[in-house]
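See structure below.
The values are calculated or read from the model by the stated rules, or taken from the named source; none is laboratory data. Owing to the predicted nature of the structure, the values given are computational and were not obtained by experimental measurement. For neighbour counting, all protein chains shown are included, and Cβ atoms are generated from backbone atoms with ideal geometry for every residue, glycine included.
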Ligand code: FES
């Protein structure tokens, strides 16, 4: 079984290079399992993200042959090409930033972060308003 994985970001900071990996027959294995196999047995620098392994959290989302899928619930097959879902969110290889986008992507969040808190939390209640704007 051969899988091709987009490796990036490049040293220039933009884009990805494709790298193909030859795997043993992993019949019945998910794409996440295949990425894990590559990481553990072929190239430990290949990054992947895995959490629930049940298709519930979407942390493992990747672009498989051009289609966005949850890698843990799609069976690996010969010739697949795995890429990050969005280059602009790329952390490494197929791993993308899944957290809250920076404020510049959401003007309303930006405005909320710029505003002074209009009231203080009640005594004994943690003020976590700063966390949203970190
Ligand atoms: S690891 Fe949670 S959906 Fe794949």
Pair list, Cβ under 7 Å, 6 or more apart: the range 57-86 residue at positive phi, other residue surrounded by 14 or more Cβ atoms within 10 Å (Cβ to Cβ): 58/70; 65/80; 65/81
Test: residue 55 is surrounded by fewer than 17 Cβ atoms within 10 Å (Cβ to Cβ), within 16 Å of the ligand (Cβ to nearest atom) and part of a loop (DSSP other than H, G, I, E, B): yes
Single residue of the range 58-100 satisfying the filter (assigned to a loop (DSSP other than H, G, I, E, B), within 14 Å of the ligand (Cβ to nearest atom) and farther than 13 Å from residue 32 by Cα) that is modelled with the lowest pLDDT: 98
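To keep it simple, each residue is scored yes or no on (1) closer than 20 Å to residue 98 by Cβ; (2) touching a strand residue (DSSP E or B) at 6+ places or on another chain (Cβ under 9 Å); (3) in a loop (DSSP other than H, G, I, E, B).
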| residue | (1), (2), (3) |
| --- | --- |
| 3 | no, yes, no |
| 6 | yes, yes, no |
| 9 | yes, yes, yes |
| 18 | no, yes, no |
| 28 | no, yes, yes |
| 46 | yes, yes, yes |
| 49 | yes, yes, yes |
